[in-house]
1. Assuming a viscosity of 1.567 mPa s and a temperature of 4 °C, what translational diffusion coefficient in µm² per second does Stokes-Einstein assign to the range 177-239, Rh being the Kirkwood radius over Cα pairs?
2. Using Cα pairs under 8 angstrom and six or more residues apart, how large is the relative contact order of the chain, in percent?
3. Considering just Cα atoms, how many Å³ per residue does the convex hull of the chain enclose?
4. Specify the residue with the greatest mean-square fluctuation among TYR196, TYR166, TYR141, computed from a Gaussian network of the chain linking alpha-carbon atoms under 10 Å apart.
5. Under 10 °C and 1.306 mPa s, how fast does the range 120-278 diffuse according to Stokes-Einstein, given a Kirkwood radius computed over C-alpha pairs? Answer in µm²/s, whole number.
6. Of the beta bridges DSSP finds with both residues in the chain, what % are antiparallel, to the nearest 5?
7. Taking the Cα centre of the range 23-164 as origin and charging only Cβ (+1 Lys, Arg; -1 Asp, Glu), how large is the dipole, in debye to the nearest 20?
8. Please give every one of the aspartates and glutamates within straight-line cross-link reach of LYS239, meaning a C-alpha to C-alpha distance under 12 Å, and leave out same-chain neighbours fewer than 8 residues apart.
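Computed from the coordinates by the stated procedures, all read-outs in this text should not be read as laboratory data. No experiment lies behind these values; they were computed from the predicted model shown. As a convention, Cβ positions derive from the backbone with ideal geometry for all residues, glycine included, and neighbour counts pool all protein chains shown.
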Amino acid sequence: MKTDIDLHCHSTASDGALQPAEVVRRAAGRGVDVLALTDHDQLDGLAEAREAAREAGIRFVDGVEISVTWRGQTIHVVGLNITAGLAEIGKELERVRSGRLNRARRMADDLAAAGVPGAYEGALRYAENPHMVGRTHFARYLVEAGVVRNTQSAFHRFLVPGKPGYIAIEWAQLGAAVRWIVAAGGQAVLAHPGRYSLSARALDELVGEFKSAGGEGIEVVTGSHSPDQYALFGEMARKHGLAASRGSDFHGPGEGGEFGSLPALDPALPAIWDRWVL
Ligand code: AMP
Ligand code: MN
Ligand code: MN
Ligand code: MN
């Protein structure tokens, strides 16, 4: 039987559009047999997803995607198999996400100054938990308000460095995020390295620091990578002695990464799940 291992996705506990159980049912329906839910800085969706996975008969991995600031840039670190330390990580994450509501006010002020009013209330309508409000909720509001056609174009014209609606925020430190994951008995994976605007040299330094801190894997096959990037980051994993990971980064129907649509990892690469009992 073909195995579809998907180790990166989001629910309404962070910026996904579907409830945790709906995410699991969608993944299972599209052929995923091992799934990690990895909400941003938030563990609230795990219990519901775990139970839904049991009902659907698929294997579930407790995950998280931690927001990190590295040299002034936002980097994402996925933590997998953090089951043994959920309470401890949960405590640390409370601090990581504490700046979101205030950032949202400032984002909305910036958007208003650029001619888009009502974004604070608008974005909050999409956030199940106001303290988890983020850029994706703003992107959905910009679509609803008719300012942009889809969430992808919201991230071209707004919400990114240099564009209206972007407000920098200080997230966790790289070493700390990896440490929390390792202390929980989990594996730290550098998420979607192709998404960062770093020079080749800075990216190499990031991966080196990540590995020294205890990081074990790099996302090679993920929703926002091109086939060229699968090869590039597979090579980078090999060079640094890191395992490869794979995950759709599903957020919602029609919002980019989708379950059951990614190619398999190159079987020549060591995979992050090689040592798991599946
Ligand atoms: P935040 O944690 O609130 O800063 O939001 C980060 C989230 O915004 C990411 O996890 C993605 O869901 C979304 N995002 C950021 N950049 C893009 C992009 N270029 N295209 C689509 N979604 C993006
Ligand atoms: Mn997201
Ligand atoms: Mn991410
Ligand atoms: Mn993600």
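1. Translational diffusion coefficient: 107 µm²/s.
2. Working: 560 pairs, mean separation 54.7, N = 278.
Value for the chain: 20 percent.
3. 118
4. Among TYR196, TYR166, TYR141, the largest GNM mean-square fluctuation belongs to TYR196.
5. Values: Rh = 17.5 Å.
Taking Rh from Cα pairs, D becomes 91 µm²/s.
6. Of those bridges, close to 40 percent are antiparallel.
7. Dipole magnitude for the range 23-164 comes out near 520 debye.
8. ASP204
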